[in-house]
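Student: I have a structure here, written as structure tokens, and I will follow up with some questions on it.
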Amino acid sequence: MKLARPIAILIALVASASLFLPAHRLEAALKRPISDRTTSLSNRLKQDQWSQDQDDDVVRVSTDLVVVNATVIDKDGKFVTGLKRGDFQVFEDGAAQKISTFSAEDTPFAAAILLDTSGSMESRLTLGRGAAIHFLDGLRDQDVAAFYNFDTKVEQLQDFSPGRDLPAKAYGLRIRTMTALNDAVLRAADDLGKREEKRRAIVILSDGGENYSRASSDKALDNALHASATIYAVNMAEQGPARDVGATSILKRFAEKSGGRYVDTPGGQELRDAFAEIAQDLGRQYTIGYRSTNRTRDGKWRAIEVKLSRADVTVRNRKGYKAPKG
């Protein structure tokens, strides 16, 4: 009676196999002892389960990799190239980490451009579009960019592509009153997190006013850091005593915490030069990966510090990340 179920399963398998197997192979299979056939099936199931476990482990390990993009500048503000893995040291909360992956190649990057179309940008919208065009002009053939606008909502007007022209919709945008800056950064970070490129950037063209987002600035920044996205914030507000200090601090914080740059000028040659440097910055970053020695999944902030064997250089990199929770 104990063999009844295996025999029934075997008969069903044989019946289905007979539709596809040649007669001589089917006959050979039927001549094998039942115990051998059931054992073989059991072993196959175990093997499949083992393979699945291995796949799960690979996924688990890869998600533990912390990726840090670092820009190295000398005392004259020029990019330092030619550095090796051994030139870098990475610390997390003061504890030395072992670098497991390192790249100094001139690799492609993906950029998300965010244009503020809220009421406070009414007189600056044309300038903002011009700034976006200047940034696109500085990209290389292998780089891709997406274009978003944000006010009371966030809308992607163009998906990631190698195109260097603004989408037609960008020229028909209308101003809305409120500003959902945090939501825009959050959306761009989530979209960049799905990209294959290891070097990712968010370019904000805004006066920094935030008054409508569902997400907090901390949440937006956390998602950007989780996506290994460097934020470059251009303050589109007019310079002078009337400039909003609070809004300026929001843009500066996004840039500094992510290892990016804050650009103070909204237009002119200075802005064009800044965009050219940002494109070079992204193309010449060092990409470092490590697996944290702190395996605690407590959702707490982990501070990252990158040091070099040379004392005459400055390193820009994201300042940390939030550990996974649960």
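Student: Which of the residues belonging to segment 63-83 are of a type in the set (Lys, Arg) and closer than 24 Å to ALA110 by Cα?
Tutor: First, pick out the residues of segment 63-83 that are of a type in the set (Lys, Arg): 75, 78.
Correct list: LYS78 only.
Student: For segment 277-308, enumerate the residues that are within 30 Å of ARG140 (Cβ to Cβ) and either among the polar types (S, T, N, Q) or assigned to a loop (DSSP other than H, G, I, E, B) (or both).
Tutor: GLN280, ARG284, GLN285, THR287, listed by residue number.
Student: Same structure again: Any chance segment 226-247 includes a residue that's in a helix (DSSP H, G or I), crowded, with 16+ Cβ neighbours inside 10 Å and either hydroxyl-bearing (Ser, Thr, Tyr) or more than 11 Å from the chain's Cα centre (by Cα) (or both)?
Tutor: Within segment 226-247 (the criterion being in a helix (DSSP H, G or I), crowded, with 16+ Cβ neighbours inside 10 Å and either hydroxyl-bearing (Ser, Thr, Tyr) or more than 11 Å from the chain's Cα centre (by Cα) (or both)), the answer is yes, since at least one residue qualifies.
Student: With the structure loaded, tell me whether ASP87 is at pLDDT 90 or above, buried (at least 17 other Cβ atoms within 10 Å of the Cβ), farther than 24 Å from GLN239 by Cβ and of a type outside the set (Gly, Ala, Ser) or whether it fails that test.
Tutor: Values: at pLDDT 90 or above: yes; buried (at least 17 other Cβ atoms within 10 Å of the Cβ): yes; farther than 24 Å from GLN239 by Cβ: yes; of a type outside the set (Gly, Ala, Ser): yes.
Criteria met by ASP87.
Student: Would you please list the contacts, defined by Cβ atoms under 8 Å and residues six or more apart or on different chains, that run from a residue in segment 170-183 that is among the acidic types (Asp, Glu) to a residue that is at pLDDT 95 or above?
Tutor: ASP183/PHE150; ASP183/LYS153; ASP183/VAL154; ASP183/TYR212; ASP183/SER213; ASP183/ARG214; ASP183/ALA215; ASP183/ALA220
Student: I've got another one for you. Among (1) among the small types (Gly, Ala, Ser); (2) at pLDDT 95 or above; (3) crowded, with 16+ Cβ neighbours inside 10 Å, where does ALA303 come up short?
Tutor: (3)
Student: Kindly indicate which of ASP312, ASP298 is touching a residue at least 40 places away in the same chain (Cβ under 8 Å) and acidic (Asp, Glu).
Tutor: Working: ASP298 fails: touching a residue at least 40 places away in the same chain (Cβ under 8 Å).
Every option except ASP312 fails the conditions.
Student: Right, here's the next one. Kindly provide the set of residues from segment 95-114 that are assigned to a strand (DSSP E or B) and either crowded, with 19+ Cβ neighbours inside 10 Å or not hydrophobic (A, V, I, L, M, F, W, C) (or both), ordered by number.
Tutor: Pass one, segment 95-114, residues assigned to a strand (DSSP E or B): 95-97, 99-103, 109-114.
Scanning segment 95-114 gives GLN97, SER100, THR101, SER103, PHE109, ALA110, ALA111, ALA112, ILE113, LEU114.
Student: Let me ask something additional. Can you confirm whether ASP222 is in contact with a strand residue (DSSP E or B) (Cβ under 9 Å, 6 or more places away or on another chain), acidic (Asp, Glu) and surrounded by fewer than 21 Cβ atoms within 10 Å (Cβ to Cβ)?
Tutor: Numbers: in contact with a strand residue (DSSP E or B) (Cβ under 9 Å, 6 or more places away or on another chain): yes; acidic (Asp, Glu): yes; surrounded by fewer than 21 Cβ atoms within 10 Å (Cβ to Cβ): yes.
Yes; evaluated as a whole, the condition is true for this residue.
Student: Turning to a different aspect of this structure: Identify all residues within segment 263-293 that are surrounded by fewer than 17 Cβ atoms within 10 Å (Cβ to Cβ) and aliphatic (A, V, I, L, M); write none if there are none.
Tutor: ALA276
The values are calculated or read from the model by the stated rules, or taken from the named source; none is laboratory data. Computed from a predicted structure; not experimentally measured. Neighbour counts are summed over all protein chains in view; Cβ atoms, including those assigned to glycine, are modelled from backbone coordinates with ideal geometry.
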